[in-house]
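Asker: Below is the structure I would like to discuss, written out as structure tokens.
The values are calculated or read from the model by the stated rules, or taken from the named source; none is laboratory data. Note that the structure is predicted; figures quoted are calculated from it, not measured. Cβ sites come from the backbone with ideal geometry, for glycine too, and all protein chains shown count toward neighbours.
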């Protein structure tokens, strides 16, 4: 595999994980929003990641591997979609957004789950930084060898 291609793969991972952390931060920030511009409570967002070139078939990937061509291409964010899990209903008849039966619908955001997701995204980001630094070190060592 081309050593510079590994930098591109790590860079795509950094971009994807940064966007994932942004989505998670928005979820945490809106964990108690009962009314959005659309009218209902905030819905949790999820970033969907996929390989950068997902149009290749298994046969093509296998053939590239057999020919010593790396099938790896990095990652991209396909879309940011709403989580369709049910909203939380809390009995609070004094709340301005309460329904006629006294229940308020709160977002389907579990802050603990979001924190776990945030830690996972942070660790993935750190792993990509480490991979980039290792690649950079290999490139610098190669240049030092060429200088000798």
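Asker: In region 97-119, what residues are part of a helix (DSSP H, G or I) and either surrounded by 14 or more Cβ atoms within 10 Å (Cβ to Cβ) or in contact with a helix residue (DSSP H, G or I) (Cβ under 7 Å, 6 or more places away or on another chain) (or both)?
Answerer: 111, 114, 117, 118
Asker: Identify, by number, the condition in (1) closer than 13 Å to residue 77 by Cβ; (2) touching a helix residue (DSSP H, G or I) at 6+ places or on another chain (Cβ under 6 Å); (3) assigned to a helix (DSSP H, G or I) that residue 7 doesn't meet.
Answerer: Exception for residue 7: condition (1).
Asker: Further question: Got at least one residue in region 67-74 being surrounded by fewer than 13 Cβ atoms within 10 Å (Cβ to Cβ), more than 28 Å from the chain's Cα centre (by Cα) and either assigned to a helix (DSSP H, G or I) or without any contact (Cβ under 8 Å) to a residue 40 or more places away in the chain (or both)?
Answerer: Scanning region 67-74 turns up at least one residue that is surrounded by fewer than 13 Cβ atoms within 10 Å (Cβ to Cβ), more than 28 Å from the chain's Cα centre (by Cα) and either assigned to a helix (DSSP H, G or I) or without any contact (Cβ under 8 Å) to a residue 40 or more places away in the chain (or both).
Asker: Also: Looking only at residues that are touching a strand residue (DSSP E or B) at 6+ places or on another chain (Cβ under 8 Å), touching a residue at least 24 places away in the same chain (Cβ under 8 Å) and farther than 14 Å from residue 30 by Cβ in region 79-93, which one is surrounded by the most Cβ atoms within 10 Å (Cβ to Cβ)?
Answerer: Residue satisfying both the conditions and the ranking: 81.
Asker: How many residues does region 44-61 contain that are modelled with pLDDT under 75 and surrounded by fewer than 12 Cβ atoms within 10 Å (Cβ to Cβ)?
Answerer: 4
Asker: Now, a different point. Checking residue 17 against (1) at pLDDT 95 or above; (2) within 30 Å of residue 142 (Cα to Cα); (3) in contact with a strand residue (DSSP E or B) (Cβ under 8 Å, 6 or more places away or on another chain): exactly one of these is not met. Which one?
Answerer: Among (1) at pLDDT 95 or above; (2) within 30 Å of residue 142 (Cα to Cα); (3) in contact with a strand residue (DSSP E or B) (Cβ under 8 Å, 6 or more places away or on another chain), residue 17 violates only (3).
Asker: Do you know which residues across region 120-148 are surrounded by fewer than 17 Cβ atoms within 10 Å (Cβ to Cβ), in contact (Cβ under 8 Å) with a residue 40 or more places away in the chain and over 18 Å from residue 7 (Cβ atoms)?
Answerer: 122
Asker: Suppose the filter is at pLDDT below 95 and within 18 Å of the chain's Cα centre (by Cα); does residue 84 pass it?
Answerer: Here the answer is yes, as residue 84 does meet what is asked.
Asker: Now a separate question. Has region 13-34 got any residue that is within 24 Å of residue 129 (Cα to Cα), in contact with a helix residue (DSSP H, G or I) (Cβ under 8 Å, 6 or more places away or on another chain), in contact (Cβ under 8 Å) with a residue 12 or more places away in the chain and assigned to a loop (DSSP other than H, G, I, E, B)?
Answerer: no
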